[in-house]
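Nothing in this text is a laboratory measurement; each read-out follows from the coordinates by a stated rule. Nothing here was measured: the structure is a model prediction, and the numbers come from that model. All Cβ positions, glycine included, derive from the backbone under ideal geometry; neighbour counts span all protein chains shown.
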Amino acid sequence: MGLFGFGRDAEPEREMPSALQSARADYGALRQSLPDALVLAAAGENKAFPKGQYYFACTDREFLFLAKVAENEASAERYRACRIKRFPREETAASKPRVETGPTAQDGLLRRYAVQPVTLVFANGRFGEARFTAANNKTTERFLQDNLPGCALLPLFDRFDRPEKAYEASCKKGGGLLPDGTALEIWREGENLVLLRRRVDYYSQANEFWYGTLPVADIVYFQEKGQIDYETKVSGGGVSIDRSGAMWGGMFSMNANAGMLESAVVSEPIRTERIEHDNRYVALAVRQAGAKAEIQFGYGALAAFQQMIPEKSFEERMPSREPTAAEQIEILANVCERGYLTREEFEEAKKKLLAKL
């Protein structure tokens, strides 16, 4: 180092940010000022909101919009042109019109629906009416619930209501009314059982869902069927030859024929294991349009049906004593009148019961 600093290594000059970098930094600061924003897509029908995506945020007094710029945008002018648009809440109406679309397919009782984007409409004297769409997912649901409760989504993709208490049930055999081996969520809504095909990614990334109803009046009864079987499994008890033991036994035994075998034989203990096979299931007897069907659910669905349709329990529908032939005919006549038996089936059963009198 030279005297008075002469000869000292010069400090490198700091590189000045480019116009593009400065514009990106300024835009980043605007974006950070809207931390809890929802991404909306404008339809492009309003001059104040050209077609594209926007960050949308709310305060107690204002609605805030910021055009979303792609991260790889190479134009500084594009960033500089973005400003937060502010509109007083008291002067701006927000609404959520329902998008009505029918099912795209049907499998028995279940109908498939496509998940539609959420539509939001803002109206203000300065820009008229602007229409946006948002993703139909949990993020949008939470945002609207917290910021625009008047536009809150229905629990099931903004199409159907869904109670907090729903029962899970596994359909083993659908009897032509439900797909075999389907996991379902079931709840009662008035005089219908509502059936939702359960999926792990529902309410997150699903683009479709299966939904249907079963009138309670079409259910004849539900009943526990099957039993628990047990199997005894026996293992072990085998005999094997330890070749290393045989070799050493032969080397040190005076009687090679006896010593080698005695030291080499290894026997395994006999083990028994009791295995349980739960073959119980819940049968749901259904009659629709004169046709009978039985849906078989996993045994875990029994408690759900007892809570939702206790009046359809097979035990509840059967008298505590054996009814007389005359009483049975009366019961069958009532069942026939309600459409659960055909007239031919009733007459055949009646003939057999009359023979017992």
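One table, with the values for the structure above:
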{"read-out": "Karplus 3J(HN,Hα) series, Hz, for region 21-31 with 6.51 cos²θ - 1.76 cosθ + 1.60 (x for Gly, Pro)", "value": "5, 5, 5, 5, 5, 5, 5, x, 5, 5, 5"}
{"read-out": "Gained length - Gln21 relative to Asp278, 0.36 nm times residue gap less alpha-carbon distance", "value": "85.8 nm"}
{"read-out": "³J(HN,Hα) computed for each position of region 325-335 - Karplus, 6.51 cos²θ - 1.76 cosθ + 1.60, integer Hz, glycine/proline x", "value": "4, 5, 5, 5, 5, 5, 5, 5, 4, 5, 5"}
{"read-out": "Relative contact order (%) - region 40-152, alpha-carbon pairs under 8 angstrom, separation at least six", "value": "24"}
{"read-out": "Protection proxy ranking of 189-195, 57-63 - average other beta-carbon atoms within 10 Å, highest first", "value": "189-195, 57-63"}
{"read-out": "D (Stokes-Einstein, µm²/s), Kirkwood Cα radius, region 5-139, 0.890 mPa s at 25 °C", "value": "135"}
